[in-house]
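The values are calculated or read from the model by the stated rules, or taken from the named source; none is laboratory data. Because the structure is predicted, anything quoted here is derived from the model rather than measured. Here Cβ is always computed from backbone atoms with ideal geometry, including for glycine, and neighbour counts include all displayed protein chains.
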Amino acid sequence: MKKVFSPCNRLLQKPVMDRIKITIKQESVDDGAIFVRVQINDNELPGILNVEAFFAIKQENELVPLFTCGCGDFGCKGYYVHVSCIDTALILRNGYHRFNQSLQSKFEYNLDWHQVKDVAEEIITYLQKIHERNPGAYITSGYGGENLIDSMSDYRQSFLLIPK
Ligand SMILES: [Zn+2]
């Protein structure tokens, strides 16, 4: 028997999009630590965005160390998020423990690609402006790690910025 797919089912499966907003704060003027906080709908997600892990997201289903502690250390209070990609959206699902990857918090956010691209561009633009004002700046996500300024050209090649 031939299977008939009802158009209603397709509509039902269409995910409802969530709204993401980021806030970037600097520790001191154009050098040192920055802190990228993430708000989805009206929820402030714990910790700060792991900028390097965010730009390293690929088109695979995987656990990404997407948030670090507010200090920038993943091993301190960071957590993994399950990241998957569909045609219309990037899906963030659940928080998983930083050491044993056990389920820690339950959520599911569907972020349409347009929003994801905007967030990625907002971070790159922010870094670019610091770089223009202070070419010698050493900018880290939280209080440690690599200089994000050195990775700007990699970030611009990110999968997140490719039109979907
Ligand atoms: Zn910490």
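If the condition is being farther than 21 Å from Thr88 by Cα and surrounded by 16 or more Cβ atoms within 10 Å (Cβ to Cβ), then segment 119-142 contributes Ile123, Ile124, Tyr126, Leu127, Ile130, His131, Ala137, Ile139, Thr140, Ser141, Gly142.
Between residues in segment 35-47 that are closer than 13 Å to Ile24 by Cα and residues that are assigned to a loop (DSSP other than H, G, I, E, B), which pairs lie under 6 Å by C-beta distance while being six or more apart or on different chains? So the pair list comes out as Val38/Leu45; Gly47/Cys69; Gly47/Gly70.
Just so you know, in segment 1-50 the residues that are of a type in the set (Lys, Arg) and at pLDDT 95 or above include one that is surrounded by the most Cβ atoms within 10 Å (Cβ to Cβ), and it is Arg37.
Within segment 137-164, the residues that satisfy the criterion of being more than 16 Å from the ligand (Cβ to nearest atom), touching a residue at least 40 places away in the same chain (Cβ under 8 Å) and among the small types (Gly, Ala, Ser) are Ala137, Ser151, Ser158. Restricting segment 91-116 to residues that are surrounded by fewer than 18 Cβ atoms within 10 Å (Cβ to Cβ) and hydroxyl-bearing (Ser, Thr, Tyr) leaves a set whose member that is farthest from the chain's Cα centre (by Cα) is Ser102. Pairing residues of segment 50-79 that are within 15 Å of Val116 (Cα to Cα) and in contact (Cβ under 8 Å) with a residue 60 or more places away in the chain with residues that are within 12 Å of the ligand (Cβ to nearest atom) and in a strand (DSSP E or B), at Cβ distances under 7 Å and at least 6 apart in sequence or on separate chains, gives Asn50/Phe67; Asn50/Thr68. Restricting segment 60-79 to residues that are buried (at least 22 other Cβ atoms within 10 Å of the Cβ) and assigned to a strand (DSSP E or B), which is farthest from the ligand (Cβ to nearest atom)? Within segment 60-79, the match that is farthest from the ligand (Cβ to nearest atom) is Leu66. Cβ separations smaller than 7 Å between residues 6+ apart or across chains give the following pairs from segment 109-133 residues that are over 13 Å from Val29 (Cα atoms) to residues that are polar (S, T, N, Q) and at pLDDT 95 or above: Ala120/Ser158. Would you be able to say whether some residue in segment 97-120 is away from the ligand (no atom under 16 Å from the Cβ) and in contact with a Pro (Cβ under 6 Å, 6 or more places away or on another chain)? Among the residues of segment 97-120, at least one is away from the ligand (no atom under 16 Å from the Cβ) and in contact with a Pro (Cβ under 6 Å, 6 or more places away or on another chain), which makes the answer yes. Within segment 44-59, the set of residues being among the polar types (S, T, N, Q) and either within 16 Å of the ligand (Cβ to nearest atom) or in a helix (DSSP H, G or I) (or both) comprises Asn50 only. Glu60 passes all but one of (1) of a type in the set (Asp, Glu); (2) at pLDDT below 95; (3) in contact with a Gly (Cβ under 8 Å, 6 or more places away or on another chain); which number fails? So Glu60 meets the others, but not (3).
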